[in-house]
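First the structure, in the form of structure tokens, and then the observations on it.
The values are calculated or read from the model by the stated rules, or taken from the named source; none is laboratory data. Values in this document were obtained by computation on a predicted structure and should not be read as measured data. Cβ placement follows ideal geometry from the backbone for every residue including glycine, while neighbour counts extend to all protein chains displayed.
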Amino acid sequence: MILKNKTTLLCIVILMLSFTNLNAAKKRGAYATKNIIGQSFYLKACSSCHGEGSRGGNMASIREWKELFAKNAFELKDLHTDDEETLLVIEYFNSDEFQIQKVDLLDFLQEFAYDSENIPTCN
């Protein structure tokens, strides 16, 4: 009888552990960002033209992104002035919202820069 109770108890414990694993958070992929806030800013302000973050970040190197954001994002603004559709983008770059978000946005873009270690591949 004692052996039967131990076996039953063991089965109950195993079942309980397996059900708790079902509710565990899913693991993020190998190329998921560590900068959720910067990703959110990018998706809201940039992804409609530049695509997903890994593609958008890949447009420049880590150093180039730093230079684009330097001097109140002067070069970044200059790159967006050629098209009439970018008036809203320029307004965003000149806004207080951008001033608050630019550090996280820059970090996010540098995370997926073409010379970073986080470049997704087609394996």
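Among the candidates L87, L76, L43, which residue alone is surrounded by fewer than 18 Cβ atoms within 10 Å (Cβ to Cβ) and in contact with a helix residue (DSSP H, G or I) (Cβ under 9 Å, 6 or more places away or on another chain)?
Values: L87 fails: in contact with a helix residue (DSSP H, G or I) (Cβ under 9 Å, 6 or more places away or on another chain); L76 fails: surrounded by fewer than 18 Cβ atoms within 10 Å (Cβ to Cβ).
Among L87, L76, L43, only L43 is surrounded by fewer than 18 Cβ atoms within 10 Å (Cβ to Cβ) and in contact with a helix residue (DSSP H, G or I) (Cβ under 9 Å, 6 or more places away or on another chain).
Please work out if T81 is among the β-branched types (V, I, T) and either part of a loop (DSSP other than H, G, I, E, B) or modelled with pLDDT of 90 or more (or both).
yes
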